[in-house]
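Asks: Sharing a structure, written as structure tokens. Questions coming.
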Amino acid sequence: MRREDLADADCGIAQALGVLGDWWTFLIVRDVAGGTTRFDALQRELGVSRRSLTERLAALVEHGVLERRPYSQHPPRFDYLLTAKGAGLLPVLIALQDWGTRHLMGDGELTATADAASAETRRVHHLIGRRLPEVVLSGADGQPVAVGAPDGWSVLYFFPGAYAPGIVDSYPPGWADIPGARGCTLESTTYADRYPKFRDAGARVWGISTQRPDQLAAFAAYAGLPFPLLSDEDGRLGAGLLLPTFRAGGVTRFKRLTLLVDPTAVVRAVQFPVTDPAGSVDEMLDVVREHRAA
């Protein structure tokens, strides 16, 4: 089948490939999701020729995956931003990363953690010094929260899943057998216990999961959490930062990790892998104090 025939095929995969074209296009979408939105920055990050980048950006704009937003009139310059159609590709990027990490870079084992010397761990620690993309997530109450907006020091702990007992939606079968999956309730309640100390140290706390807002609301009420839980069920922050994930119960879930973010929305410290959910909270409290005292 020729590439120009793909868009006429009845298969949705073939039609999608007719738009996305090649692996450079996926990487462009990946970097735009991560906050690299200008031509020169994209060209530096990707190392692709200016002609090839121009052609691919134009195609993505034509197909409605990206939109151009001017930031300079003289000379004319544009930011390239994901449309709603483009944001629909984020779960695809997360699935590709998960598959590559598990089956190409790993041994195929389903795990919610990682080896301390793994490429996945190195990738996560390379987030230090990077600014969070401007992403809006849903709070447990359904209200939008701008995570990347500069507003004081923040501890963002990402967890696989936590549920209030007795509700229909709960842990999937075999959850306890997945390395690193257990401990979300303990981690959250430990953050709740230490929350006054985090506030005294000048940092707020956010828990982030791919669960639905209603599931997070039920758990927050059950656990009596004094800080907000946020839902990244659409994968906007996960794809933007290339955060490590795994799939369980038909749901993409975060592997457990924690970020310390400064008032300019730049990542200053990373905890990954987290092998001791409760102990990591006290370790992060020490990290916050060290950075605030520096």
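Asks: Using amide H atoms built in the peptide plane, which far-off residues or other-chain residues are under 5 Å from I208 H to H?
Replies: For I208, the qualifying residues are Y157, F158, F159, L230.
Asks: Comparing A203, A95, A117, which has the greatest mean-square fluctuation in the GNM of the chain with Cα pairs linked when under 10 Å apart?
Replies: A117
Asks: Moving to a separate point now. Provide the per residue accessible area, probe 1.4 Å, for segment 162-294, rounded to a whole number of square angstrom.
Replies: Using a 1.4 Å probe on heavy atoms only, each residue of segment 162-294 averages 40 Å².
Asks: Right, something else. Probe of 1.4 angstrom, ligands and nucleic acids ignored: what's the accessible area per residue over segment 1-123, in square angstrom?
Replies: Accessible area per residue, segment 1-123: 60 Å².
Asks: Can you give the FRET efficiency for D286 and T264, using 1/(1 + (r/R0)^6), R0 = 22 Å, r = Cβ-Cβ distance, to the nearest 0.05?
Replies: Here the calculated transfer efficiency is 0.50.
Asks: Right, next: Which value in nm describes the separation of the simple spin-label points at Q43 and A146, placed 7 Å from the Cα toward the beta carbon?
Replies: 3.1
Asks: Right, another one. Taking H placed 1.01 Å from N in the peptide plane, check which residues at least 5 places from A181 or on another chain put their amide H under 5 Å from its amide H.
Replies: A112
Asks: Which of C184, G202, A220 sits closest to the plus end of the dipole of segment 175-224, meaning its Cα is farthest towards the positive end, when Lys and Arg get +1 and Asp and Glu get -1 on the C-beta?
Replies: Of the listed residues, the answer is G202.
Asks: Roughly how many Å is it from the Cα centre of segment 154-213 to that of segment 238-254, as a whole number?
Replies: 15
Asks: Mind jotting down the distance between the C-alpha centroids of segment 87-118 and segment 13-56, whole Å?
Replies: So the separation of the two Cα centres works out to 21 Å.
Asks: Which of Q143, Q271, Q73 moves most in a GNM of the chain, Cα contacts under 10 Å?
Replies: Q73
Asks: A follow-up question, please. Counting Lys and Arg as +1 and Asp and Glu as -1, what is the net charge of the other residues whose Cβ lies under 9 Å from the Cβ of V205?
Replies: +3
Asks: Gain in length, A58 to D200, computed as 0.36 nm per residue apart minus the alpha-carbon separation, to one decimal in nm?
Replies: Additional length available on full extension: 46.1 nm.
Asks: Pick from L230, L186, L82: which is most flexible by mean-square fluctuation in a GNM of the chain where alpha carbon atoms under 10 Å apart are linked?
Replies: The residue with the greatest mean-square fluctuation here is L186.
Asks: What part of the accessible area of the chain, given as a whole %, is carbon or sulfur when the probe is 1.4 angstrom?
Replies: About 52 percent, which is the carbon plus sulfur part of the accessible surface.
Asks: Can you give me the three principal axis dimensions of segment 148-294 from its C-alpha atoms, in Å, biggest first?
Replies: If we take the Cα atoms of segment 148-294, the spans are 46, 30, 26 Å.
Asks: Mind listing P(r) for segment 84-207? All alpha-carbon pairs, 5 Å bins, whole percents.
Replies: So the P(r) values, bin by bin, are 2, 7, 12, 17, 21, 20, 14, 6, 1.
Asks: Under a plain spin-label model, where a point goes 7 Å from the Cα along Cα-to-Cβ, how far apart in nm are D22 and L104?
Replies: Going by the 7 Å Cα→Cβ label model, 1.6 nm.
Asks: If you don't mind, there's one more thing I want to ask. Just how large is the dipole of segment 25-75 about the Cα centre, in debye to the nearest 20, putting +1 at every Lys and Arg Cβ and -1 at every Asp and Glu Cβ?
Replies: Value, rounded to 20: 100 debye.
Asks: Can I ask one more? What label, among [x] 19.8, 77; [y] 20.1, 63; [z] 18.1, 59, belongs to Rg and Dmax of the Cα atoms in Å computed from the structure on display?
Replies: Read-out from the structure maps to [y].
Asks: Based on Cα coordinates alone, diagonalise the gyration tensor for segment 1-106, multiply each eigenvalue by 5, take square roots, and list the semi-axes in whole Å, largest first.
Replies: Computed over segment 1-106, the values are 24, 18, 13 Å.
The values are calculated or read from the model by the stated rules, or taken from the named source; none is laboratory data. Bear in mind that the values here come from a model prediction, so they are computed numbers and not experimental data. Please note: Cβ atoms are built from the backbone with ideal geometry, for glycine as well, and neighbour counts cover all protein chains shown. Accessible surface areas use protein heavy atoms only, side chains included; no ligands, DNA or RNA. Shrake-Rupley method; radii C 1.70, N 1.55, O 1.52, S 1.80 Å.
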